[in-house]
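Q: Right, I'll just put the structure down here and ask away after.
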Amino acid sequence: MLELRTSCENCATALPPRSAEARICTFECTFCRTCVDKVLSNVCPNCGGGFVPRPVRPSKNWKAHQCLLQYPATVKVTSRPVDAAAHRAFAERLKDISPDKR
């Protein structure tokens, strides 16, 4: 079950559960679209993987209590601001490799 982290790990932009701006890697590292595109070059600073849009959990109980009310977003804040210079050096090796080939 996704935690649905509610802020960007780098810049702390709010990413509520319904946000279309949230991006996650396979380990659920969560960043805003702006950081992914302009700071991270689509390279996760924690694992080197790529990012995809985070799914939106249904807010209503459409079926079997599989909804935000039953499974709310986490209240724990994960903050890991990126050292931009160090990340540029790290991402330089990976940014031109498709995430499915990393």
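The values are calculated or read from the model by the stated rules, or taken from the named source; none is laboratory data. Quantities reported herein were computed from a predicted structural model and do not represent experimental measurements. Glycine also receives a Cβ, built like all others from the backbone with ideal geometry; neighbour counts cover every protein chain displayed.
Q: Write out, first by first residue and then by second, each pair whose Cβ atoms fall under 8 Å of each other, whose residues are 6+ apart or on separate chains, and whose first residue, in the stretch 65-79, is in a loop (DSSP other than H, G, I, E, B) while the second is surrounded by 10 or more Cβ atoms within 10 Å (Cβ to Cβ) and acidic (Asp, Glu).
A: Ala73/Glu3; Thr74/Glu3; Lys76/Glu3; Thr78/Glu9; Ser79/Glu9
Q: While we're looking at this one, here's another question. Give the stretch 52-62 a look and list any residue that's within 13 Å of Ala20 (Cα to Cα) and touching a Pro at 6+ places or on another chain (Cβ under 8 Å), or say none.
A: Val56, Arg57
Q: Next question. Report yes if some residue within the stretch 56-66 is surrounded by fewer than 11 Cβ atoms within 10 Å (Cβ to Cβ) and within 18 Å of the chain's Cα centre (by Cα); otherwise report no.
A: Checked against the condition, which is being surrounded by fewer than 11 Cβ atoms within 10 Å (Cβ to Cβ) and within 18 Å of the chain's Cα centre (by Cα), the stretch 56-66 yields no hits at all.
Q: Still on this structure: Filter the stretch 79-102 for residues that are polar (S, T, N, Q) and either over 15 Å from Arg5 (Cβ atoms) or at pLDDT below 95 (or both) and give the result.
A: The one that is polar (S, T, N, Q) and either over 15 Å from Arg5 (Cβ atoms) or at pLDDT below 95 (or both): Ser98.
Q: While we're looking at this one, here's another question. So Ser79 ticks every box in (1) of a type outside the set (D, E, K, R); (2) crowded, with 17+ Cβ neighbours inside 10 Å; (3) closer than 17 Å to Thr13 by Cα but one. Which box is left unticked?
A: Exception for Ser79: condition (2).
Q: Just for the stretch 20-33: of the residues that are β-branched (Val, Ile, Thr) and in contact (Cβ under 8 Å) with a residue 24 or more places away in the chain, which one is farthest from Ala85 (Cα to Cα)?
A: Looking at residues that are β-branched (Val, Ile, Thr) and in contact (Cβ under 8 Å) with a residue 24 or more places away in the chain, I get Ile24.
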